[in-house]
Amino acid sequence: MNVQPESAPADQTYRRLVGRLIPFLMLCYIIAYIDRINVGFAKLEMSADLGFTETAYGLGAGVFFLGYILFPVPSNLLLCRFGARQWIGLLLITWGVISGSMLFVTTSTQFFTLRFLLGAAESGFYPGIVLYLTQWFPNRRRAHALALFQSAIAIAGIVGGPLSGWILDSLQDYRHLRGWQWLFLIEALPAVLAGVTAIFYLDNQIEQARWLTPEQKARLIQDLAHDEEARTRVPHRAVVADRRVWGLGVVVFGLAMGIYAISFWMPTLLRESGVRSTSEIGWLSAIPNLAAAVGMVLIARRSDRRSERRWHVAVPALLGVVGLLGSVAFSHQIVLVVVSLALAAVGVMSALPVQWSFLTAFLGGSSAAVAVGLVNSVGNLGGVVSPALIGWLKDRTQSLDAGLYAIAACVALSAVIALSYPARLVDR
């Protein structure tokens, strides 16, 4: 497909849009992701302190997603009703309070309960932002915007790993709290602050954006209106019955299996490769995430430039498979484990934002709101299954190998399904 170059004013408009929205939304997602995955570092001490088995930890890490998959659809409909500014701010404040409450956990039941509630509170944020960005960016520019936003996953690993390692080492038993308790408390506070900021910073509609000129507003509205001509609006029941939507749910499921295998188990993989210092594990875990942050942006930019989606999902996903298998093959060689984890992180994290351009290419309005929520719910079942499966297999085999093989197979399936979609449907 040939894409005509756009004018300098158009480029300037979208640069302003990116500069205004994306950094703040990225910051919110960094906070969310750190609050979601910091149990991976807390596990290094928390499991021993509280007597948790690997299976109990895996269930606790995964039960987050039971809460996470229940509420995206109603949350997106509420966002459409009340506006992103108010709804996103409320979500941030709520999950900040819940995440900080993790410091009071003493039993596995409390651990499971708070993880479930945290998932319920966070469930509306990611699909809400995907929907919010469709209200500002036309499809031909959306993969890049989504990749910038989702690079927060990798940046959270870059920042969160060293920060979590430092907290565990430096605040151990300070004022009668264990290092993992300080970790939950300190890393929860930014969510509350960001929530209050969101209420004053975000705009619900283009027309309300005082930082855009009238000409820029008109351009955005015109570009989005052009997109709407290619989309369909169908009853919500029809969205739920659409096999294309469910297929994308399976794609996200496989990619989520890979992402959360890396996020929750990377500290354990590094420790088993021979790294003993918690701080060193934190710094080494930043390397795969740094590689992923760069790869996500470059791959999405190339996808937008070529107006091609399917191969820009499938090829990175297969790269992720190679990385996951490499982390098994070289499990006792620290350098090669880090390289393998970097390949895995680049692959699975780069495939995910491009995949969202499939869905928003052929559905619009409240149909897209329901579809995004549904795909997010189905996909994030991977977050339930991935840590629980790996923890269960590790308890029984005393190795992470079997679990990582299973995860690699799921990521490969995502690549195959992505290639099954017709190019005319999604490549634009």
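Only one residue of L133, A256, V196 has its Cα farthest out toward the positive end of the dipole of the chain, where Lys and Arg carry +1 and Asp and Glu -1 on Cβ, and that residue is L133.
Remark: the range 95-229 carries a charge dipole of roughly 220 debye about the Cα centre, counting +1 on each Lys and Arg Cβ and -1 on each Asp and Glu Cβ. Ellipticity at 222 nm from helices only: DSSP H runs of n ≥ 4 in the chain, each -39500 (n - 2.57), divided by the residue count, give -28000 deg cm²/dmol. Rg and Dmax of the chain, based on Cα coordinates, read 20.7, 64 Å.
The Cα-based radius of gyration and maximum Cα-Cα distance (Dmax) for the range 45-120 are 14.6, 46 Å.
Listing E187, E215, E308 from fewest to most neighbouring C-beta atoms within 10 Å gives E215, E308, E187. The calculated P(r) of the range 100-162, using every Cα pair and 5 Å bins from 0, goes 4, 14, 16, 15, 18, 14, 9, 6, 3, 1 in percent. Taking only the alpha carbons of the range 271-401, we obtain Rg and Dmax values of 17.2, 51 Å in that order. Taking the longest Cα principal axis of the chain as reference, the axis of helix 8-37 is set at about 30 degrees. For the range 60-214, the calculated P(r) over all alpha carbon pairs, in 10 Å bins from 0 to the bin holding the longest distance, is 10, 31, 36, 16, 6, 1 percent. Relative contact order, whole percent, for the chain stands at 26, derived from Cα pairs under 8 Å and 6 or more residues apart.
Helix 381-397 and the longest principal axis of the C-alpha atoms of the chain enclose an angle of approximately 20°.
Put a dot 7 Å past the Cα of T109, heading toward its Cβ, do the same for T197, and the two dots end up 3.9 nm apart.
What's the FRET efficiency of E272 with W166 using the Cβ-Cβ distance as r and R₀ = 22 Å, to the nearest 0.05? All intermediate terms of the calculation are to be shown ahead of the outcome.
Details: r = 22 Å, r/R0 = 0.99.
After rounding, the FRET efficiency stands at 0.50.
To the nearest 20 debye, what is the magnitude of the charge dipole of the chain about its Cα centre, counting +1 on the Cβ of each Lys and Arg and -1 on the Cβ of each Asp and Glu? It would help to have the intermediate numbers written out before the result.
Details: 33 positive and 25 negative charges, 191 e Å.
With Lys and Arg at +1 and Asp and Glu at -1, about 920 debye.
With the convex hull of its Cα atoms as the shape, the range 267-312 has an orientation-averaged projected area of 4.0 nm².
Per-residue Cβ neighbour counts within 10 Å put D35, D203 in the sequence D203, D35, beginning with the fewest.
Just so you know, all these numbers are worked out from the coordinates, no wet-lab data involved. In this text, all values refer to a predicted model and were calculated from it rather than measured experimentally. Here the Cβ is made from the backbone with ideal geometry for all residues, glycine too, and neighbour counts use every protein chain on show.
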